[in-house]
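Accompanying notes for the structure given below.
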Amino acid sequence: MNEFSANSSFRFYTRLHLSELTGYKAFTLKELLKILNKISGSSIYYHTHRYLQQHQYLSPEPPNDFAYWVKEGLGEDKLAERLASIDTIQFTSIRELRNVIINTIHKYIKENPQSKKRKANLGQEFHFIKSVSFVLYTGYEVFNLKEFCEVLSKITVDSIYYHIFESRLRLERGKNDFSNWFENSLFEKNLAEEIERLDPYTHTMEELRNTIIKIIKKRIKDDQN
Amino acid sequence: MIKIDDYIPVVGQAVIDDLKRVSEKLKDKKIKNINSTPVGGGVAEILSRLVPLLNELGVLTYWDVIKGGKSFFEVTKKFHNAIHGKKEEINKKDFEIFLEVSEENISQMLVDEDIIFIHDPQPIALIKKKKDNRWIWRCHIDASNPDKKVWNFLKKFIINYDAAVFSAPAFSSPLPIRQFLISPSIDPLSDKNRELSKEEINAVLKKYGILKDKPLITQISRFDRLKDPIGVIEVYKKVKKNIDCRLLLAGGTAVDDPEGMEVYNEVLEKTKHDKDIIVLNMQHNDLEINALQRASDIILQKSIKEGFGLTVTEALWKAKPVVASNVGGISLQITHKYSGLLCYSIDGAAFAVKQILNNPKYGEKLGQNGREHVRNNFLITRHLKEYMLLFLSLYYKGDINNI
């Protein structure tokens, strides 16, 4: 066992998802706010993370469905920018994220009361959808950084997505699973911090995969020298 | 016969591995699909591809077809149009015919499998035969603005299902059962979408006498007013004022659509003095459509109303820059300025076409993004995965399920 070997192994899981229609829809900001207050966390999660999954090879903007709809459906560009720049990475629960979205819209309506009158055309309304996740073990279990890199380069982006986004925010583990394992099993605190410092929301999933692999490979190389 | 591993070069080994993992969870389930026709139409086309793949993955899947005579299918055609929002004369007798034929199917058809997957309204009444197994109703139609009388009639059946599936959020309606969003898909290995050699493309261009000496703008669609071929000609005329180009309008006319020939003749009349407009009323030929799409510089889809818009999916898959109306399922496929250009008018469409023709690099980028978007979201492998997850969702009720 070399110094990168773990006290416990890392098992790669994957998360596949199905979109469930909630039946809620909004034509105005007021309606959007009302539904945002009561809709399930799985819907907030869906609309703030869908782009990351569906646009894996694009520049990852716009980062959430709310920002996109406010701009394209209502023509409220300033609010769209505010919603788009919400720094999702700083939140560790959907509840916190929901509150910030609601407060941002609330504040904007207060400053711009005329925005309440804007109404999306029929067919351009916002449909609330929620994410139903199915989590499966991929069969890959690794014990050291080298093996970790090998598996990371071949698993689906769904698996990376699960360990980086879903575990941290939706399952409220506080940190992404990779950093947790690096720190607590490999005792690689610096590496864990470096991965945790990455803002995954500003990368496409493929970029994120390559960046993490690069950081780990550098760590392995540094140790060899 | 296409095998599941044939898709590895298109979507990667890991995606296929995931499909195999999910299928393991359905090993003990038997699934039966039921629709109204074994051939012809989008539903039969996709089932003919999905059913063998599910079986290859070890998910025991059957496909059965209901019986129904001319009068039954005339009624269900009216239902179909009415769900699309078209005004139809539907009387008491029509509903009686529907119920009568449905009863015959109910008495004859075996529906003992674990999951019964009903496609579209024709077999919807079979739900009366539901026991303790699970039933799903899949609506392939744009039901965003259905005729209330027909919808309320169908709703009495729908509410007894365990779940319903729609192709776009706007197509769904308030229902007391779970509703899922599953988009249709294209098969990248089919004749309509597979890679073609230059020789294959050129042979088709030669057959139809299409020169490639200037940019080619193409709309592939039936000659149907809802596809707005006259609007497309107007777009072309506006573009032509600034950029020399050619327009290709290619499609067919459905035998059961008397309006089709009328629209086709109207298009011919409008275009008879312009040699740069090519109008092709074609027999069904997937490979030729594929070649025409690939030979084009821009694909237009200026529909007034659209279901999901699979012709857009096909064009995006071929990495073509697409200019399309923001209707139906098109907005799920094109993010404006990222993977294509959306428009609302003839002027808007003409401006978008000129933008792309004057900036080929921009068009190229839109096309590349469009292709990757389709790769990730609208290929048959994604459809297969979501159908399997849909089956599992009948047994797992949570938002996060460890399976």
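In the list B:K227, B:K192, which residue meets the criterion of being among the basic types (K, R), modelled with pLDDT under 95 and not assigned by TED's automatic domain parsing to the domain that holds B:Q283?
Working: B:K227 fails: not assigned by TED's automatic domain parsing to the domain that holds B:Q283.
None of the others qualify; the one that does is B:K192.
I want to confirm something. Restricting to segment B:1-14 and keeping residues that are more than 23 Å from the chain's Cα centre (by Cα) and either touching a residue at least 24 places away in the same chain (Cβ under 8 Å) or assigned to a helix (DSSP H, G or I) (or both), which single residue is nearest to B:N401 (Cα to Cα)?
Step one: filter segment B:1-14 for residues more than 23 Å from the chain's Cα centre (by Cα), giving B:5, B:8-9, B:12-14.
Pick out the ones that are also either touching a residue at least 24 places away in the same chain (Cβ under 8 Å) or assigned to a helix (DSSP H, G or I) (or both) and you get B:5, B:8-9, B:13-14.
Working: B:D5: 27, B:I8: 27, B:P9: 30, B:Q13: 24, B:A14: 21 Å.
This residue is B:A14.
Can you tell me which of A:T156, A:T104 is in contact with a Leu (Cβ under 8 Å, 6 or more places away or on another chain), touching a residue at least 12 places away in the same chain (Cβ under 8 Å) and not aliphatic (A, V, I, L, M)?
It is A:T104.
Just for segment A:129-143: of the residues that are at the interface with another protein chain (Cβ under 7 Å from one of its Cβ atoms) and not hydroxyl-bearing (S, T, Y), which one is surrounded by the fewest Cβ atoms within 10 Å (Cβ to Cβ)?
Ranking the qualifying residues of segment A:129-143, first place goes to A:V135.
What residue, among those in segment A:9-44 that are in a loop (DSSP other than H, G, I, E, B) and under 21 Å from the mean Cα position of the chain (by Cα), is farthest from the other protein chains (Cβ to nearest Cβ)? Before the answer, list the steps.
Going residue by residue through segment A:9-44, those that are in a loop (DSSP other than H, G, I, E, B) are A:9, A:27-28, A:39-40.
Subset that is under 21 Å from the mean Cα position of the chain (by Cα): A:39-40.
Working: A:I39: 12, A:S40: 7 Å.
The qualifying residue farthest from the other protein chains (Cβ to nearest Cβ) is A:I39.
Could you list, in sequence order, the residues of segment B:114-132 that are surrounded by 24 or more Cβ atoms within 10 Å (Cβ to Cβ) and among the aliphatic types (A, V, I, L, M)?
B:I116, B:I118, B:I124, listed by residue number.
If a residue has to be of a type in the set (A, V, I, L, M), in a loop (DSSP other than H, G, I, E, B) and within 14 Å of chain A (Cβ to nearest Cβ) to count, how many in segment B:178-229 make the cut?
Looking only at that region, the number is 1.
Quick one: how many residues across segment B:352-394 are under 29 Å from B:I4 (Cα atoms) and free of Cβ contacts under 8 Å to residues at least 60 places away in the same chain? So that I can check it myself, show each step before the final result.
Filtering segment B:352-394 for residues under 29 Å from B:I4 (Cα atoms) gives B:367-394.
Still in the list and also free of Cβ contacts under 8 Å to residues at least 60 places away in the same chain: B:367-373, B:376.
Here the count works out to 8.
Against the definition (within 23 Å of the chain's Cα centre (by Cα) and either assigned to a helix (DSSP H, G or I) or buried (at least 16 other Cβ atoms within 10 Å of the Cβ) (or both)), how does B:S71 come out, yes or no?
Numbers: within 23 Å of the chain's Cα centre (by Cα): no; either assigned to a helix (DSSP H, G or I) or buried (at least 16 other Cβ atoms within 10 Å of the Cβ) (or both): yes.
Judged against the criteria, B:S71 is not a match.
Does segment A:177-193 contain any residue that is more than 18 Å from the chain's Cα centre (by Cα), at positive phi and surrounded by fewer than 19 Cβ atoms within 10 Å (Cβ to Cβ)?
yes
For B:G69, which of the numbered conditions (1) closer than 24 Å to B:E45 by Cα; (2) touching a strand residue (DSSP E or B) at 6+ places or on another chain (Cβ under 6 Å); (3) not β-branched (V, I, T) fails to hold?
(2)
Do we have B:S23 as closer than 28 Å to A:G139 by Cα and either within 14 Å of chain A (Cβ to nearest Cβ) or buried (at least 19 other Cβ atoms within 10 Å of the Cβ) (or both) here?
Numbers: closer than 28 Å to A:G139 by Cα: yes; either within 14 Å of chain A (Cβ to nearest Cβ) or buried (at least 19 other Cβ atoms within 10 Å of the Cβ) (or both): yes.
It is true that B:S23 is closer than 28 Å to A:G139 by Cα and either within 14 Å of chain A (Cβ to nearest Cβ) or buried (at least 19 other Cβ atoms within 10 Å of the Cβ) (or both).
Restricting to segment A:154-176, and then to whatever is within 14 Å of another protein chain (Cβ to nearest Cβ) and part of a loop (DSSP other than H, G, I, E, B), can you tell me which residue is surrounded by the fewest Cβ atoms within 10 Å (Cβ to Cβ)?
Looking at residues that are within 14 Å of another protein chain (Cβ to nearest Cβ) and part of a loop (DSSP other than H, G, I, E, B), I get A:E172.
Can you pull out the strands (runs of 3 or more DSSP E) entirely within segment B:291-403 that have at least 2 residues that are surrounded by 23 or more Cβ atoms within 10 Å (Cβ to Cβ)? Full working, then the answer.
On the way: elements: B:298-301, B:322-325, B:341-343, B:400-402.
Answer list for segment B:291-403: B:298-301, B:322-325.
The values are calculated or read from the model by the stated rules, or taken from the named source; none is laboratory data. Quick caveat, the model's predicted, so the values are computed rather than measured. Backbone-built Cβ (ideal geometry, glycine too); neighbour counts: all protein chains shown.
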